[in-house]
Amino acid sequence: MSPIRQEQIYTCKSEYIDFSDPAALSKFNVAWCPQNAYQTSNSVVWRLTAECGTTMIYPWDFQYGKIEARVRVSPDSGVVSTILLAGPDPADELDWEWVGKDTYTAQSMYFVKGQRVDPNAAFVHTPGDTPQDMAAGFHNYAIELNKDSVKWYIDDWLTLTLPKLDGVPFPSGASRARMGVWDGSQTSGWAGTVDWSRGPFTAEMQWFKFTPYC
């Protein structure tokens, strides 16, 4: 996704954005390739072409709070779908990411001042004994930043908790929501390589919710 540069603008106002509203996309800044973020009758589509992917940014920050979104991720090798919270550069960052070569697995990771603290992402799946293909349908995803912890959720199921520990860097400055799709072909095999003959590639979001804890 594109570099993270922003002036922080804090709010205590919650907002629920339903993309069946034709004006919903206007509530976001499309910071990269706006032609690849467009609305249908009930969703916003993120499209990846050989020219570019796209990045949507919700224009408000919170100090602590929760972001939630109902998303269908994109399949196919090299295609990365992302929902994240980030502060200004060098960024504290909290991620949900899906690589299209394995859409039965979601990856959560975090950065402090632009640096990975834990070099390994956490790999999780949908609730229940049988993992579901997250590119085949919509699921609810959330990231919750608290004063003493970070929590990641799938379909209201708590998948991972990062506690704040003395002496361990903690991503407390992750404050603004960003989301979209990007080409992960140059990530040393992590995401795979895009076969552009199969494109364009799309993910979709039906709604987004922003809840500050004030």
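The values are calculated or read from the model by the stated rules, or taken from the named source; none is laboratory data. The shown structure was predicted, so the numbers you read here are calculated from the model rather than taken from an experiment. FYI the Cβ positions are ideal-geometry reconstructions off the backbone, even for glycines, and counts take in every protein chain you see. Each accessible area value is taken on the protein alone, full model and side chains, heavy atoms only, with ligands, DNA and RNA left out. Shrake-Rupley method; radii C 1.70, N 1.55, O 1.52, S 1.80 Å.
Structure values in brief
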quantity	calculated
Value of Rg to Rh for segment 142-214 (Rh from inverse mean 1/r over Cα pairs, i.e. Kirkwood)	1.06
Size of charge dipole - segment 46-102 - debye, nearest 20, with Cβ of Lys, Arg +1 and Asp, Glu -1, no other charges	340 debye
Order by protection proxy (mean Cβ within 10 Å, highest first), peptides 156-162, 26-32	26-32, 156-162
9 Å beta-carbon shell around Asp76, net charge (K/R +1, D/E -1)	+1
20 Å tail of the calculated P(r), the chain, as % of Cα pairs	55 percent
Cα-projected label distance for Phe123 with Asn42, points at 7 Å along beta-carbon direction, nm	3.3 nm
Label-point separation in nm, Lys27 to Arg198, each point 7 Å along Cα→Cβ	3.4 nm
Alpha-carbon centroid distance for the pair segment 100-115 / segment 186-203, whole angstrom	16 Å
For segment 132-214: accessible area per residue (Å², 1.4 Å)	46 Å²
Rg ratio (alpha-carbon, reference 2.2 N^0.38 Å) - segment 66-121	1.19
Cysteines (scope the chain) whose Cβ has no counterpart Cys Cβ under 4.7 Å	none
Length released on extending from Ile9 to Thr187, taking residue separation times 0.36 nm less the Cα-Cα span	60.9 nm
Rg/Rh for segment 1-91, where both radii come from Cα atoms and Rh is the Kirkwood radius	0.95
Farthest positive-ward along the chain dipole, Cα basis, beta-carbon charges - from Pro169, Trp182, Gln8	Gln8
Residue range of the chain that is longest and free of GluC sites (Glu not before Pro) which are both DSSP loop and sparsely packed (at most 15 other C-beta within 10 Å)	52-214
Electrostatic dipole magnitude of the chain [Cβ: Lys, Arg +1; Asp, Glu -1; Cα centre; debye, to 20]	320 debye
In order through segment 196-205: 3J(HN,Hα) via Karplus (6.51 cos²θ - 1.76 cosθ + 1.60), integer Hz, x for Gly, Pro	5, 5, 8, x, x, 10, 9, 10, 9, 10
Most mobile listed residue (Ser20, Ser108, Ser43) in the chain, GNM with C-alpha springs under 10 Å	Ser20
